[in-house]
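Asks: Following this message is one structure expressed as structure tokens.
The values are calculated or read from the model by the stated rules, or taken from the named source; none is laboratory data. The shown structure was predicted, so the numbers you read here are calculated from the model rather than taken from an experiment. We place every Cβ from the backbone using ideal geometry, glycine too, and count neighbours over all the protein chains shown.
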Amino acid sequence: YALPAASDACDGAVPVIAVDPGQAPESSFPIGTTTVLLRSTDASGNITEHSFTITVQDTQAPILTCPSDISTPVDAGICGAHIQYVMPTAMDNCATAIPVVNSDAAQASGSLFPAGSTTVQLEASDAAGNTGTCYFAITVIDDVAPGFTAPADTVVAADPGLCSAIVNYVMPTAADTCEGAVAVTAVNSGQAPGSSFPLGTTSVLLRATDAANNSTQHSFTITVVDQEPPTLVCPSDISTT
């Protein structure tokens, strides 16, 4: 700051000094308000004093560095994972250590994070109300395929007059940890329920795929047997001498 000039009737210009040398211009002033007392003394020992204040405000937010992004598979039997991570320490210009908290308490270390990607925000606030933030991602990967049981192997008779059979087998439903029920389809659409199966044994491959593209396949057989005897027409009766 600029020291003012004092004027004296007898001495003319008289120097002005800070009563506390540690408060002279270019000195370091702490956070908060400091009262600076200035004094001017003439040659006759007459003194004049005036004071003013210097207020230093803390406008610097704490600095914190989030953990690295985390990627992990789901825990067994659930569509999510319990994630443990180390909370960082925030550094501040006016404090040695500032506590770091989660902006969302449900995202604290050890919490259950759902399948997919979750952005975690950590923050630290100093005594002046300045808040620093950082972000990192927790990705929980659904790597569990749906589960289902294929129908039992089936043996049917050929339809009357045909060398094949229409087979309406019951399509199973697959269960997935993240999606619940998942549809099961025949890999070969020509082998879906209600399709015509030829004489002999046909292997039917079923597949269930969840939204994360995890697939499960199971097969069973459909055997069509010929149980219909041949049809023949005899000649008409013959009468002769």
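Asks: Within region 1-56, which residues are in a strand (DSSP E or B), touching a residue at least 12 places away in the same chain (Cβ under 8 Å) and hydrophobic (A, V, I, L, M, F, W, C)?
Replies: If the condition is that a residue be in a strand (DSSP E or B), touching a residue at least 12 places away in the same chain (Cβ under 8 Å) and hydrophobic (A, V, I, L, M, F, W, C), then 6, 14, 16, 17, 18, 36, 37, 38, 52, 54, 56 are the ones that fit.
Asks: Just to verify a result, which residue in region 9-31, among those that are at pLDDT below 95 and surrounded by 13 or more Cβ atoms within 10 Å (Cβ to Cβ), is farthest from residue 92 (Cα to Cα)?
Replies: In this case the residue turns out to be 11.
Asks: Does region 182-214 hold any residues that are in contact with a Ser or Thr (Cβ under 6 Å, 6 or more places away or on another chain) and exposed (fewer than 13 other Cβ atoms within 10 Å of the Cβ), and which are they?
Replies: Residue satisfying the conditions is 203 alone.
Asks: Continuing with the same structure: Looking only at region 212-241, which residues are more than 52 Å from the chain's Cα centre (by Cα), in a loop (DSSP other than H, G, I, E, B) and touching a residue at least 12 places away in the same chain (Cβ under 8 Å)?
Replies: Hits for region 212-241 are 226, 227, 228.
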